[in-house]
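The values are calculated or read from the model by the stated rules, or taken from the named source; none is laboratory data. As the structure is a computational prediction, the values presented were derived from the model and not from experiment. Note: ideal-geometry Cβ built from the backbone for every residue, glycine included; neighbour counts use all protein chains shown.
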Amino acid sequence: MSDENNAEQQEEGVEVPYQQIDPETLQRMIQEFVSRDGADWGDAGCTLAEKVEQVLQQLRHKQAKIVFDLRSQTVNIVAYR
């Protein structure tokens, strides 16, 4: 596969500063993100609220970022590389 085709298959993401997202929307976005895999956070030793707070702390400390994918029109939270 050529580099051009490979680039076309990659996400075309735009970073969205979490501070610019309504706090209630951000809360729901993080909840959806941490519950995608269907994990029961109680089994993992923490609650959903605690896991949401952990992700929020990662955003605050620039360990993670919110990316809007232009192609799929979806939002994801990813770790900084």
Open item on the list: When the residues of region 54-81 are narrowed to those that are at pLDDT 95 or above and over 23 Å from GLU12 (Cα atoms), which ends up surrounded by the most Cβ atoms within 10 Å (Cβ to Cβ)?
Closed with: LEU56
Open item on the list: Give all pairs with beta carbons closer than 7 Å in which a residue from region 45-73 that is part of a loop (DSSP other than H, G, I, E, B) meets a residue that is loosely packed, with under 13 Cβ neighbours inside 10 Å; count only pairs at least 6 apart in sequence or on separate chains.
Closed with: LYS62/TYR80; GLN63/ALA79; GLN63/TYR80; LEU70/GLU12; LEU70/VAL14; ARG71/GLU12
TODO: Looking at (1) out of contact with any Lys or Arg (no Cβ under 6 Å at 6 or more places or on another chain); (2) at pLDDT below 90, find the lone condition where GLU12 falls short.
DONE: (1)
Open item on the list: For region 19-43: of the residues being assigned to a loop (DSSP other than H, G, I, E, B) and exposed (fewer than 11 other Cβ atoms within 10 Å of the Cβ), which is modelled with the highest pLDDT?
Closed with: ASP22
